[in-house]
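Asker: Dumping the structure here so I can ask a few things about it.
The values are calculated or read from the model by the stated rules, or taken from the named source; none is laboratory data. In this text, all values refer to a predicted model and were calculated from it rather than measured experimentally. Note that we place each Cβ from the backbone using ideal geometry, even for glycine, and neighbour counts take in every protein chain shown. Areas reflect the complete protein model, heavy atoms only, side chains present, ligands, DNA and RNA absent. Shrake-Rupley method; radii C 1.70, N 1.55, O 1.52, S 1.80 Å.
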Amino acid sequence: MEKQENGTDNRPVFHVGEQQYCERAVNGKPANSQYFVLAIVMLLTLVGVYATVFLYPVLFPIIIAGGFIIFYLAKRLKVEFEYIYIGGDIEIAKIFAKEKRKVIATVKTEEVQSIRKASDPAVKNDLKIKADLSKVDCTEQDPEVEYYAVYADHGKKKCVYILDLDEKFLAFLKSRYKNKMSI
């Protein structure tokens, strides 16, 4: 595999007849609520340690359970997102601690409404005003990085997926969605 300028490996790109395949993995940022839950569990575990040592030694299993919960929650703070483009469809997955992969969405070719830069004022306006539009942020949320918004209509549910796309991934999208891209 070739190395990109920033030192990361290029992801595979395959052309099989009309099928095209490209994937991209990026770091993600866990939700603030996950940090809050972890802090609460840590606090309760510390209270349990105090109660076990000084008051009720019978509560020792609670400390063990708290330790396991803290370990599990801390692992879930290591998040990556993976975008896979195959034949016009985009699959978005969330990877926890490089162990568990969960598909967030599969956007079929016919569901894509438009693709724009996330910094576009129209995108920002849509995200503020439209109540029926569901936002799914699959990025590290770094203000220095240019992100892209993929608008999808899943029937009754309309979503905008915020993605961190590189030039190679954008090239595949442009080849398939050139009339839907405003970049």
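Asker: Considering only residues of the stretch 160-183 that are part of a helix (DSSP H, G or I) and under 16 Å from Glu91 (Cβ atoms), which is most open to solvent (accessible area, probe 1.4 Å)? Let's see the steps before the verdict.
Answerer: Step one: of the stretch 160-183, the residues part of a helix (DSSP H, G or I) are 167-180.
With under 16 Å from Glu91 (Cβ atoms) added as a condition, the list becomes 169, 172-173, 176-177.
Numbers: Phe169: 0, Phe172: 16, Leu173: 1, Arg176: 113, Tyr177: 3 Å².
The extreme case among them is Arg176.
Asker: Just for the stretch 140-183: of the residues that are among the β-branched types (Val, Ile, Thr) and modelled with pLDDT under 90, which one is nearest to Val103 (Cα to Cα)? Steps first, please.
Answerer: Residues of the stretch 140-183 among the β-branched types (Val, Ile, Thr): 145, 150, 160, 162, 183.
After this cut, where a residue has to be modelled with pLDDT under 90 as well, the list is 145, 183.
Details: Val145: 24, Ile183: 27 Å.
The selected residue is Val145.
Asker: From the list Val13, Val41, which residue is touching a helix residue (DSSP H, G or I) at 6+ places or on another chain (Cβ under 9 Å) and either loosely packed, with under 10 Cβ neighbours inside 10 Å or modelled with pLDDT under 75 (or both)? Explain how you work it out, then say what you get.
Answerer: Details: Val41 fails: either loosely packed, with under 10 Cβ neighbours inside 10 Å or modelled with pLDDT under 75 (or both).
Among Val13, Val41, only Val13 is touching a helix residue (DSSP H, G or I) at 6+ places or on another chain (Cβ under 9 Å) and either loosely packed, with under 10 Cβ neighbours inside 10 Å or modelled with pLDDT under 75 (or both).
Asker: Also: For residues in the stretch 124-159 being within 17 Å of the chain's Cα centre (by Cα) and among the small types (Gly, Ala, Ser), which is most open to solvent (accessible area, probe 1.4 Å)? If you could, list the steps in order and put the result at the bottom.
Answerer: Of the stretch 124-159, the ones within 17 Å of the chain's Cα centre (by Cα) are 134-143, 145-152, 159.
After this cut, where a residue has to be among the small types (Gly, Ala, Ser) as well, the list is 134, 149, 152.
Working: Ser134: 40, Ala149: 0, Ala152: 3 Å².
Only one residue fits best here, namely Ser134.
Asker: So which pairs qualify, if the first residue must be in the stretch 113-127 and of a type in the set (Val, Ile, Thr), the second must be surrounded by fewer than 17 Cβ atoms within 10 Å (Cβ to Cβ) and at pLDDT 90 or above, the Cβ gap must be under 9 Å, and the two must be at least 6 apart or on different chains?
Answerer: Sorted first by the residue in the stretch 113-127, then by its partner, the pairs are Val123/Lys117.
Asker: How do the pairs read when you match residues in the stretch 85-108 that are without any contact (Cβ under 8 Å) to a residue 12 or more places away in the chain with residues anywhere that are open to solvent by less than 40 Å² (accessible area, probe 1.4 Å) and among the small types (Gly, Ala, Ser), using Cβ under 9 Å and keeping only pairs 6 or more apart or on different chains?
Answerer: So the pair list comes out as Lys102/Ala93.
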